[in-house]
Amino acid sequence: MQLAHSREADAAGVTLCRVNSFYPGEQPLPFWRHIPYSFQEMDPRMLAAVSRPHWRPAGGAAAAGGAATPAAGGAAAGRAADEPEPLPCRWGYQWSSVVCEGSRYLPWLTAQVEAMGGVLLRRPRLSSLEQLAELPEVAAGGGPDAVVNAAGLGNRELLPDEQVVPIRGQIVRVRAPDSVVLGGTGQVGNFSREVCPEDRSRILEGCARLLPSLAGAEVLSDWVGLRPGRTRLRLELQEGGLRLPGTGEDGGATGGGGGGRGGREVPLVHNYGHGGAGLTLAWGCAGDVVALLQRSGVL
Ligand SMILES: Cc1cc2nc3c(=O)[nH]c(=O)nc-3n(C[C@H](O)[C@H](O)[C@H](O)COP(=O)(O)OP(=O)(O)OC[C@H]3O[C@@H](n4cnc5c(N)ncnc54)[C@H](O)[C@@H]3O)c2cc1C
């Protein structure tokens, strides 16, 4: 919220917004409802407005080639033959939140780290955490003081942790008239990074049923991402840490690693499995990681 209300907001791609959530029937109120600055159940007039047949100007249905009664403003009005049925929105809530554009936010965060003296090193994909010992700088004894495992879905193979599953999200970006993101899907256990034409159609049709002005909007791009789902987010200090080459307890330089007896143990914090809430939870989880590293004595 502070970022959204700062001069950095535009560069970081973070904007304050009002969120409307609609459901076909009443749900338990979300547990996080006390966190946003405002939260309220949806006004029934709003529910009626989005659920009624979509309004058209007089003669609109005929102009569009429809044969049935043109829809008017009232809930009792008919629906034009070529018009999709409105989504059943019988319950919902509204709250204040921030929208975060990942393609701007992540580069902005990276720039913040670099401005504070952080250096990003890009290395080949690891097949295990122990393989860190083989990186030239680590093998030479200049390894890290601590390791934070934030490999998300990659932990299926890295640890391996079979509780980690992909939650596939496909979105569509349209011109309406600014660039607007529609979607996305939430397909548990689906590993496909390919754009699925059926998902695209479902997203476009579903969104047009909620907001008729989106019908026929020009598609700018499609995108698929895999959220790192897990039965439960894992944020903990691993007992025993991670053994890396370095100066052993006897003071001699060793080249142990790979779980051997030589080398040194560095604190290892696991921080993964955030599913569809990684951006939301990032600052809080990062704070917990710092607290764990402080407890381990490395900070
Ligand atoms: C369509 C969609 C919409 C979303 N909407 C929201 C939203 O509204 N709000 C929200 O909070 N979140 C949202 N998310 C979820 C959010 O993007 C994720 O929760 C977040 O990206 C997880 O971050 P992470 O750093 O844990 O994992 P990732 O972003 O997956 O990063 C993991 C990193 O680890 C690296 N890695 C993995 N394996 C290895 C390996 N073996 N060796 C070396 N490196 C490795 C990867 O290359 C990657 O860089 C959305 C996701 C999708 C797909």
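Of everything in region 223-239, what is open to solvent by 50 Å² or more (accessible area, probe 1.4 Å) and either at positive phi or in contact with a helix residue (DSSP H, G or I) (Cβ under 8 Å, 6 or more places away or on another chain) (or both)? Give them in sequence order.
Residues satisfying the conditions are 227, 230, 233, 236, 237.
For region 262-276, give me each residue that is touching a Leu at 6+ places or on another chain (Cβ under 9 Å) and open to solvent by 30 Å² or more (accessible area, probe 1.4 Å).
Of everything in region 262-276, those that are touching a Leu at 6+ places or on another chain (Cβ under 9 Å) and open to solvent by 30 Å² or more (accessible area, probe 1.4 Å) turn out to be 264, 265, 274.
How about region 116-219: which strands (runs of 3 or more DSSP E) wholly inside it have at least 2 residues that are touching a Phe, Trp or Tyr at 6+ places or on another chain (Cβ under 6 Å) and closer than 24 Å to residue 101 by Cβ?
Working: elements: 147-149, 164-175, 179-183.
Filter on region 116-219 gives 164-175.
Name the residues in region 4-61 that are loosely packed, with under 12 Cβ neighbours inside 10 Å and small (Gly, Ala, Ser), would you?
Residues satisfying the conditions are 25, 38, 58, 59.
Could you count how many residues in region 277-299 are surrounded by fewer than 13 Cβ atoms within 10 Å (Cβ to Cβ) and closer than 16 Å to residue 153 by Cβ?
1
Is one or more of the residues making up region 164-175 away from the ligand (no atom under 14 Å from the Cβ) and either surrounded by 15 or more Cβ atoms within 10 Å (Cβ to Cβ) or in contact (Cβ under 8 Å) with a residue 40 or more places away in the chain (or both)?
There is at least one residue in region 164-175 that is away from the ligand (no atom under 14 Å from the Cβ) and either surrounded by 15 or more Cβ atoms within 10 Å (Cβ to Cβ) or in contact (Cβ under 8 Å) with a residue 40 or more places away in the chain (or both).
Within region 115-134, track down each residue that is more than 25 Å from residue 288 (Cβ to Cβ) and open to solvent by 30 Å² or more (accessible area, probe 1.4 Å).
Residues satisfying the conditions are 122, 123, 124, 125, 127, 131, 134.
Looking at 167, 203, 171, which one is more than 20 Å from residue 275 (Cα to Cα) and at pLDDT 95 or above?
203
Given 158, 242, which one is over 22 Å from the mean Cα position of the chain (by Cα) and either away from the ligand (no atom under 16 Å from the Cβ) or buried (at least 18 other Cβ atoms within 10 Å of the Cβ) (or both)? Can you show your working first?
Numbers: 158 fails: over 22 Å from the mean Cα position of the chain (by Cα).
None of the other options fit; the residue is 242.
Please specify each residue of region 183-198 satisfying the condition of being away from the ligand (no atom under 11 Å from the Cβ) and crowded, with 16+ Cβ neighbours inside 10 Å.
Selection gives 190, 196.
Of the numbered conditions (1) part of a helix (DSSP H, G or I); (2) modelled with pLDDT of 90 or more, residue 61 satisfies every one except a single condition; which is it?
Condition (2) is where residue 61 drops out.
Applying the selection to region 238-276, what residues are in contact with a Ser or Thr (Cβ under 6 Å, 6 or more places away or on another chain) and at pLDDT 90 or above?
267
May I ask you to list pairs of residues, at least six apart or on different chains, whose Cβ atoms are under 6 Å apart, with the first in region 143-163 being farther than 16 Å from residue 232 by Cα and the second being open to solvent by 40 Å² or more (accessible area, probe 1.4 Å) and near the ligand (Cβ under 6 Å from one of its atoms)?
158/151
Give region 135-155 a look and list any residue that's within 14 Å of the ligand (Cβ to nearest atom) and open to solvent by 60 Å² or more (accessible area, probe 1.4 Å), or say none.
The answer is 148, 150.
The values are calculated or read from the model by the stated rules, or taken from the named source; none is laboratory data. Since the model is a prediction, treat every value here as computed from it, not as a measurement. Virtual Cβ from ideal backbone geometry, glycine too; neighbours counted across all protein chains shown. All accessible areas refer to the heavy atoms of the entire protein, side chains included, with ligands and DNA or RNA removed. Shrake-Rupley method; radii C 1.70, N 1.55, O 1.52, S 1.80 Å.
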